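Written below as structure tokens is the structure these notes are about.
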Amino acid sequence: MNISHYEFDAIVIGAGGAGMRTSLQLANAGLNVALVSKVFPTRSHTVCAQGGITVALGNMHEDDWRWHMYDTVKGSDYIGDQDCIEYLCQNAPDAVYELERMGLPFSRIDNGKIYQRPFGGQSRNFGGEQAARTAAAADRTGHALLHTLYQQNVKAKANFFTEWYALDLVKAADGSVVGALVMCIETGEIAYMHSRATILATGGAGRIYQSTTNAFINTGDGIGMAMRAGFPVQDMEMWQFHPTGVAGAGVLITEGVRGEGGYLINKDGERFMERYAPHAKDLASRDVVARAMAVEIREGRHGMANGVPCVYLKLDHLGEEVISQRLPGIREIAKTFAHVDPVNAPVPVVPTCHYMMGGIPTNKHGQALNRVNGQDKIIPGLYAVGECACVSVHGANRLGGNSLTDLIVFGRGVGIHVENELKQNHLHFQAADDASMAQGLQRLNRWNTHKDGEDFMQIRDELRAVMQNDFGVFRTGQYMAEGLKKLEVLHERLKHASMKDFSQVFNTTRVEALEMDNLMAVARATALSAVTRTESRGAHSREDYPKRDDANWIKHTLYVDDDKIGQIDYREVNMQPLTVPAFQPKERVY
Amino acid sequence: MTNTHTIKFSVYRYDPEKDQEPYMQAMSLELPKGSDMMLLDALEYLKAQDQSLTFRRSCREGVCGSDGLNINGKNGLACMTHVSELKQPIVVRPLPGFPVIRDLVVDMTQFYRQYEAIQPYLINDNKTETKEFLQSPKDREELDGVYECILCACCSSSCPSFWWNPEKFIGPAGLLWAYRFIADTRDTATEQRLANLEDPYSLFRCRGIMNCVQVCPKGLNPTRAIGKIRSKLLQRAV
Ligand code: SF4
Ligand code: SF4
Ligand code: FES
């Protein structure tokens, strides 16, 4: 096989919000950085974010980043790392102001400052009144953010490798990461990108579920790459189900609708969240609202839309003006995908897989971590940022609006860290280990040459059904154990599966086949981690262990892949912020 | 009576590795009666039947701009087009005016180049501000109907002026973006931006045919933006 060779100070894999914020930092520092993305940058999934960026700017009322921190720790159900959450909330205002000055077209309030809307799980003064902390560009904040970052990268003359697909990490003999194997989708060219720093910013993996708000491209590529390189992934049992996906279609309706005053009703027209969260009601945390909806549906108080049981999101009372000013994209989505104009009628919604809280464990600089003899060990040369990373600022449940904050704060942070490390010559070009290189090529080669196996698309359908049925909003040990067994069978079958298109020109089937390996890796990690955590915390809700168990489970789950069944390990949760006392676990009520 | 109905397609196929010439392939799907789906879902099903069928897609909700196609003769997004609203056989072709890489995938290099040519980023000479630049809600409103562009190229690919002069005419999408920065009260480079557009081609090749407006899946109006830049250019000339 012909392999071309490139050399960069840093390569960033993934051109969503996190990847492009990182590459921008590096390109502006005059470093030679490559931005590798399987889609044109503005097609990345960040573009789908709607509601906004949570940040204590204090434009609507007095605010304090510590209040934001309190909410985030509570939202995480106390397994978010508090040093990292502190870093997130403290640095968010600067990171957001910077974006504004780069041109992000935020909505405005009368005094000309950035508009901020209420979102779920937000409070003032450590659990007091509802806050309005989510900075918004109408309901297209992700689009506005992603385009702004792309524009800045164009200006900074970053090296784009657009429609290049990352196959695997390449390691040196001592285990540090020295680059990645990548493939040009258009031509089939294979290249080794040799780098001093490799940054994974590949986003989520919601496509392991049948019903998801995630784009087709969210297949957990970085997670799969890290796992194949033998590195651990963390808290993979923690998947967020967004309360309001359009029933049947899965398309997201922002929490900002409820922030603006919309609310959920069951088939009797009852505003049921009043029963489940008397104080915060529809703006309780996402896990709480999603469970309440699932209970309403299970107990029969649901309607039907597109053949699925659902409840409804009512917003007609907001009036056409507010809807077209603040929520124009939602109106378009409801009309197109639910055949409903929200100005007149409620929108049918169901909890839908939305966000992966777990990922590659990192410290607050984004340095990826290994676990050796019960100790964290930095993996030289490897960083992770954004949804594919588990810093962990979201713990067991992410608050709405905190994912964009995560992307830009840590995108910038990783950029700064890599820049310093490179300038101080702490990161070097190292020779690739032949075995590591061969491992990546062999996977590609198998797909390229294996002709008569089972169709991988069939296995993909089955995998999604298992995840949907056995690892959804509510989980029980028995079903999960069965699900895990089914996954192991699928895992075996996948080894012999094949694709049916062998063209070298823009072969998207080959990309999908390679993605399938990543979906499988993510699903197995999720399943074993979920079976192992015998408690209910945040988004992980077990009917056989309905209580949170602080005595045993204030810890992160680690999963290390293995051909047979993965290995589980644990990491302590950081309870040592630098400038404020730690927030101690309390019962979580909204 | 069966419980299914057949949807017929005629799909543009071309793989440079094996086809001398592009051709149209008849394809079909069996759907349960009364069901509907988006054209993108239909393409996914067709791809499951024939994995060699090649197209781009990402968000499947009309915001990423990946799947601009020529559908029954009109440009649009596959993910926002209901199959039930289309006359059969549904004729699916790549966006016109671009070189075809394979099947429905086109080479958009020229389109992106024209976008880059208008300096698609905010220019502001105030380097000392540490918070946000202020902007009134009214000034911000100027960006509505402009900033939402998803770079799908449906417009430029339906614009005769862009077909004839893709290297010299910026095209509707690029000009919409040019206006997005001209209209932004935070941008301080208006003069420079206008100067870059005053040659006979970059903007003045627009013949006001409005094809772009008719096809924009986001309901944006490049012609209006072009008109606004044009009048600024004319004002400036006198
Ligand atoms: S109005 Fe101008 S830009 Fe739009 S299609 Fe016609 S010539 Fe092209
Ligand atoms: S103006 Fe409309 S049609 Fe043209 S690229 Fe933008 S979104 Fe697509
Ligand atoms: S797939 Fe994103 S616009 Fe159609």
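Below, the figures for the structure above:
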read-out	value
Answer from B:LYS47, B:LYS33, B:LYS8, B:LYS74 - the residue that is modelled with pLDDT under 95 and among the charged types (D, E, K, R)	B:LYS33
Candidates B:GLY227, B:GLY219 - the one that is within 16 Å of ligand 3 (Cβ to nearest atom) and surrounded by fewer than 16 Cβ atoms within 10 Å (Cβ to Cβ)	B:GLY219
Odd one out for B:ALA48 among (1) more than 16 Å from ligand 3 (Cβ to nearest atom); (2) touching a Cys at 6+ places or on another chain (Cβ under 9 Å)	(2)
Identity of the residue in the range B:113-128, open to solvent by 40 Å² or more (accessible area, probe 1.4 Å) and outside any loop (DSSP other than H, G, I, E, B), that ends up farthest from B:ARG56 (Cα to Cα)	B:ALA117
Selected residue (only one of B:LEU39, B:LEU69, B:LEU46 is of a type in the set (A, V, I, L, M, F, W, C) and surrounded by fewer than 22 Cβ atoms within 10 Å (Cβ to Cβ))	B:LEU46
Residue within the range B:74-89 that is part of a loop (DSSP other than H, G, I, E, B), aliphatic (A, V, I, L, M), open to solvent by 10 Å² or more (accessible area, probe 1.4 Å) and within 14 Å of ligand 2 (Cβ to nearest atom) present	no
Output for the range B:164-213, where each listed residue is under 14 Å from the mean Cα position of the chain (by Cα) and either more than 9 Å from ligand 1 (Cβ to nearest atom) or open to solvent by less than 30 Å² (accessible area, probe 1.4 Å) (or both)	B:ILE170, B:GLY171, B:PRO172, B:ALA173, B:GLY174, B:LEU175, B:LEU176, B:TRP177, B:CYS212
Among the residues listed as B:LEU95, B:LEU86, B:LEU122, the single one being at pLDDT 95 or above, more than 19 Å from the chain's Cα centre (by Cα) and under 18 Å from B:CYS149 (Cβ atoms)	B:LEU122
Of all residues making up the range A:454-488, the number that are within 23 Å of the chain's Cα centre (by Cα), in contact (Cβ under 8 Å) with a residue 40 or more places away in the chain and within 14 Å of another protein chain (Cβ to nearest Cβ)	2
Among (1) more than 8 Å from every other protein chain (Cβ to nearest Cβ); (2) open to solvent by 40 Å² or more (accessible area, probe 1.4 Å) - the single one B:LYS131 does not satisfy	(1)
Scan of the range B:134-155 for residues that are more than 7 Å from chain A (Cβ to nearest Cβ) and more than 16 Å from ligand 3 (Cβ to nearest atom), ordered by number	B:LYS138, B:ASP139, B:GLU141, B:GLU142, B:ASP144, B:GLY145, B:VAL146
Residue satisfying all of: in the range A:224-256; of a type in the set (Val, Ile, Thr) and touching a strand residue (DSSP E or B) at 6+ places or on another chain (Cβ under 6 Å); farthest from the other protein chains (Cβ to nearest Cβ) among these	A:VAL233
Subset tally (residues that are at positive phi and in contact with a strand residue (DSSP E or B) (Cβ under 6 Å, 6 or more places away or on another chain)) for the range B:88-119	1
Criterion violated by A:ARG258 - all others in (1) under 28 Å from A:GLU320 (Cβ atoms); (2) touching a His at 6+ places or on another chain (Cβ under 9 Å); (3) of a type outside the set (A, V, I, L, M) satisfied	(2)
The lone exception for A:VAL96 - which of (1) more than 9 Å from every other protein chain (Cβ to nearest Cβ); (2) in a helix (DSSP H, G or I); (3) not aromatic (Phe, Trp, Tyr) it fails	(1)
Test result for B:ILE101, at the interface with chain A (Cβ under 10 Å from one of its Cβ atoms) and either touching a His at 6+ places or on another chain (Cβ under 6 Å) or among the aliphatic types (A, V, I, L, M) (or both)	yes
Hey, B:GLN235 outside any loop (DSSP other than H, G, I, E, B), open to solvent by 70 Å² or more (accessible area, probe 1.4 Å), polar (S, T, N, Q) and away from ligand 1 (no atom under 16 Å from the Cβ) or not	yes
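Residue-wise test of (1) among the charged types (D, E, K, R); (2) away from ligand 1 (no atom under 16 Å from the Cβ).
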| residue | (1), (2) |
| --- | --- |
| B:LEU40 | no, yes |
| B:SER52 | no, yes |
| B:ARG56 | yes, yes |
| B:GLY68 | no, no |
| B:HIS82 | no, yes |
| B:VAL92 | no, yes |
| B:LEU95 | no, no |
| B:VAL105 | no, yes |
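One line per residue, one yes/no per condition, for (1) under 29 Å from B:CYS212 (Cα atoms); (2) within 14 Å of chain A (Cβ to nearest Cβ); (3) part of a loop (DSSP other than H, G, I, E, B):
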{"position": "B:LYS8", "(1), (2), (3)": "yes, no, no"}
{"position": "B:GLU17", "(1), (2), (3)": "no, yes, yes"}
{"position": "B:MET27", "(1), (2), (3)": "no, no, no"}
{"position": "B:ASP36", "(1), (2), (3)": "yes, yes, yes"}
{"position": "B:LEU43", "(1), (2), (3)": "yes, yes, no"}
{"position": "B:PHE55", "(1), (2), (3)": "yes, yes, yes"}
{"position": "B:CYS64", "(1), (2), (3)": "yes, yes, yes"}
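The values are calculated or read from the model by the stated rules, or taken from the named source; none is laboratory data. Because the structure is predicted, anything quoted here is derived from the model rather than measured. Here Cβ is always computed from backbone atoms with ideal geometry, including for glycine, and neighbour counts include all displayed protein chains. Just the protein is used for accessible areas: all its heavy atoms, side chains included, with ligands, DNA and RNA removed. Shrake-Rupley method; radii C 1.70, N 1.55, O 1.52, S 1.80 Å.
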